[in-house]
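Trainee: Let me begin by handing over the structure; questions about it come next.
The values are calculated or read from the model by the stated rules, or taken from the named source; none is laboratory data. All values reported here derive from a predicted model rather than from experimental measurement. Cβ sites come from the backbone with ideal geometry, for glycine too, and all protein chains shown count toward neighbours. For accessibility, only protein heavy atoms count, side chains too; no ligands or nucleic acids. Shrake-Rupley method; radii C 1.70, N 1.55, O 1.52, S 1.80 Å.
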Amino acid sequence: MPDTERQKGQNENRLTVGVIADPVAMPALIGEQLAQDLPQLLTQQVDSEQTWAARAHWERLPPSDSRHTAMMELAETKLAERGWDMVVCVTDLPMRSGKRAIMGDMNSQRRVVVVSLPAFGVMALRRRVGAVVAQFVADMHRPGTPQEGTAQHARSRIPLLAARFRRHTPDQPGVDARISSRWGNLRLLLGMVRANRPWRLTWSLTSPLVGAFAFSAFYLLNATVWEIATTLSACRLALAVIGALSVMTGWLIFYHNLWEPVRARPRGERQQAVLFNATTVLTLGLGVAFLYVGLYLVNLTAALVLLSPEVLHSYIAGQTSAGTYVLIPVLVTAAATVAGAIGSGFESEESVRNAAFSLRERERREAFREKHEQRQGSLQERGKAS
């Protein structure tokens with residue numbers, strides 16, 4: 001067979017999956033990785049004789065309702081424009097159905113899959129997303145999806161999804177198949193915290209960081225701190241560290257108005273407000289913990305350089321050892337962290353939100369608040385009219 005005819009036959013036998021991802025942080029990274037992994041995954045899991053290709057495309061995915069209508073319409077448009085056979089949308093928009101976190105939905109008529117990253121949690125994200133997408137593409141490629149619970153359906157399952165995730169057909173127009181997490185809100189919460197990237201807080205908030213460094217220098221050269229650090233029990237020292245982290249986390253949340261009121265919300269929105277608050281506490285708590293670890297390493301280095309055994313021995317009872325140099329920076333860093341909380345008061349609410357939350361998270365919270373404010377305004381107007 002001539003090369004041109006062979007190439008033409010291969011192109012006719014090739015199916016292309018378009019991957020549309022939000023051009024921000026985790027969705028952009030996972031979208032690129034998914035485009036790399038899909039051809040091999042589909043060749044292994046679906047049909048060894050079928051040729052597969054994947055193309056990544058970065059575009060801002062629109063906010064969507066529970067049916068993902070806006071996302072699917074955009075994906076359908078891109079499918080027609082670019083000549084793809086199927087489309088996968090990768091977003092960090094949390095999706096839920098009751099108490100279950102939705103990992104992905106499929107519309108076989110539109111040949112579109114929507115994947116929500118927060119529901120995958122924090123571990124093995126690349127592998128799990130690839131398995132879920134491969135399962136959906138396999139279902140669309142086969143002539144018919146086996147009924148849930150049948151032996152044929154069990155055989156069509158990709159091994160990774162056999163026990164951890166639940167695949168079912170929801171009673172929802174426009175969604176032919178859904179894969180949800182058995183861990184529900186816990187996995188969703190962890191995924192939302194990861195999307196916020198709490199480690200960014202360490203260098204994003206300059207005022208508390210500068211304040212903590214300044215007070216570290218003061219406490220590190222204070223003989224009273226040396227004496228207290230070496231006489232405290234391990235339990236009391238641990239409580240001092242936990243207390244310092246809690247003080248700074250609580251100060252950031254309440255001083256900068258990051259707490260969403262729950263009781264003031266309608267019953268249908270209270271669970272979402274609780275989820276937002278839990279995400280805030282975990283994100284800022286982890287961010288402050290990263291700040292503490294970084295500051296501790298700086299203080300430990302400074303103690304090793306500045307504090308000689310002779311100087312310490314003249315103020316501290318007992319023998320000076322390596323443990324002395326470890327304990328002193330622990331208490332110094334805890335005290336400096338509390339002082340850094342005061343410095344965070346010089347940060348604006350907007351700067352703290354930018355440091356703590358991802359772009360899409362800030363958009364969701366802002367829309368959530370605006371909806372609440374509009375409802376409160378309507379209630380006030382009705383009260384005045386009556």
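Trainee: Can you confirm whether the range 351-363 contains a residue that is open to solvent by less than 30 Å² (accessible area, probe 1.4 Å) and farther than 30 Å from LEU117 by Cα?
Mentor: no
Trainee: One residue is enough: does the range 368-382 have a residue meeting the conditions open to solvent by 80 Å² or more (accessible area, probe 1.4 Å), modelled with pLDDT of 75 or more and within 30 Å of LEU93 (Cα to Cα)?
Mentor: no
Trainee: Determine whether VAL210 is touching a residue at least 60 places away in the same chain (Cβ under 8 Å) and open to solvent by 60 Å² or more (accessible area, probe 1.4 Å). Let's see the steps before the verdict.
Mentor: Working: touching a residue at least 60 places away in the same chain (Cβ under 8 Å): yes; open to solvent by 60 Å² or more (accessible area, probe 1.4 Å): yes.
Taking the combined requirement at face value, the residue satisfies it.
Trainee: Yes or no: SER216 under 25 Å from HIS313 (Cβ atoms), of a type outside the set (Asp, Glu) and surrounded by 20 or more Cβ atoms within 10 Å (Cβ to Cβ)?
Mentor: Details: under 25 Å from HIS313 (Cβ atoms): yes; of a type outside the set (Asp, Glu): yes; surrounded by 20 or more Cβ atoms within 10 Å (Cβ to Cβ): yes.
For SER216, the condition - under 25 Å from HIS313 (Cβ atoms), of a type outside the set (Asp, Glu) and surrounded by 20 or more Cβ atoms within 10 Å (Cβ to Cβ) - is met.
Trainee: Out of the helices (runs of 4 or more DSSP H) lying entirely within the range 296-364, which hold 3 or more residues that are over 27 Å from the mean Cα position of the chain (by Cα) and over 19 Å from GLY243 (Cα atoms)?
Mentor: Those helices (runs of 4 or more DSSP H) span 309-315, 322-343.
Trainee: Examine the range 278-293 for a residue that is surrounded by fewer than 18 Cβ atoms within 10 Å (Cβ to Cβ) and part of a loop (DSSP other than H, G, I, E, B), and state whether such a residue exists.
Mentor: No, the range 278-293 has no match at all.
Trainee: All but one of (1) among the hydrophobic types (A, V, I, L, M, F, W, C); (2) touching a Phe, Trp or Tyr at 6+ places or on another chain (Cβ under 9 Å); (3) open to solvent by less than 80 Å² (accessible area, probe 1.4 Å) hold for TRP199, so report the exception by its number.
Mentor: (3)
Trainee: Is the range 248-258 home to any residue that is under 30 Å from THR324 (Cα atoms) and either assigned to a helix (DSSP H, G or I) or hydroxyl-bearing (Ser, Thr, Tyr) (or both)?
Mentor: Of the residues in the range 248-258, the ones under 30 Å from THR324 (Cα atoms) are 248-249.
Going one step further and asking which of them are either assigned to a helix (DSSP H, G or I) or hydroxyl-bearing (Ser, Thr, Tyr) (or both), we end up with 248-249.
Looking through the range 248-258, at least one residue is under 30 Å from THR324 (Cα atoms) and either assigned to a helix (DSSP H, G or I) or hydroxyl-bearing (Ser, Thr, Tyr) (or both).
Results for (1) more than 26 Å from the chain's Cα centre (by Cα); (2) surrounded by 14 or more Cβ atoms within 10 Å (Cβ to Cβ); (3) more than 30 Å from TYR315 (Cα to Cα), shown as yes or no for each residue.
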{"site": "THR231", "(1), (2), (3)": "yes, no, no"}
{"site": "ARG236", "(1), (2), (3)": "yes, no, no"}
{"site": "MET248", "(1), (2), (3)": "no, yes, yes"}
{"site": "TRP251", "(1), (2), (3)": "no, yes, yes"}
{"site": "ASN257", "(1), (2), (3)": "no, no, yes"}
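Trainee: In the range 310-343, what count of residues is obtained for those that are without any contact (Cβ under 8 Å) to a residue 40 or more places away in the chain and under 19 Å from ALA289 (Cβ atoms)?
Mentor: 1
Trainee: Let me ask another. Restricting the search to the range 167-193, which residues are outside any strand (DSSP E or B) and either among the aliphatic types (A, V, I, L, M) or modelled with pLDDT of 85 or more (or both)?
Mentor: Result: VAL175, LEU186, LEU188, LEU189, LEU190, MET192, VAL193.
Trainee: Of the residues that make up the range 325-337, is at least one open to solvent by less than 60 Å² (accessible area, probe 1.4 Å), modelled with pLDDT of 75 or more, more than 30 Å from LEU117 (Cβ to Cβ) and touching a Gly at 6+ places or on another chain (Cβ under 9 Å)?
Mentor: Within the range 325-337, one or more residues are open to solvent by less than 60 Å² (accessible area, probe 1.4 Å), modelled with pLDDT of 75 or more, more than 30 Å from LEU117 (Cβ to Cβ) and touching a Gly at 6+ places or on another chain (Cβ under 9 Å).
Trainee: Related question: Take the conditions at pLDDT 85 or above, surrounded by fewer than 24 Cβ atoms within 10 Å (Cβ to Cβ) and under 19 Å from PRO27 (Cα atoms) and apply them to TRP84. Does it pass?
Mentor: No, not satisfied.
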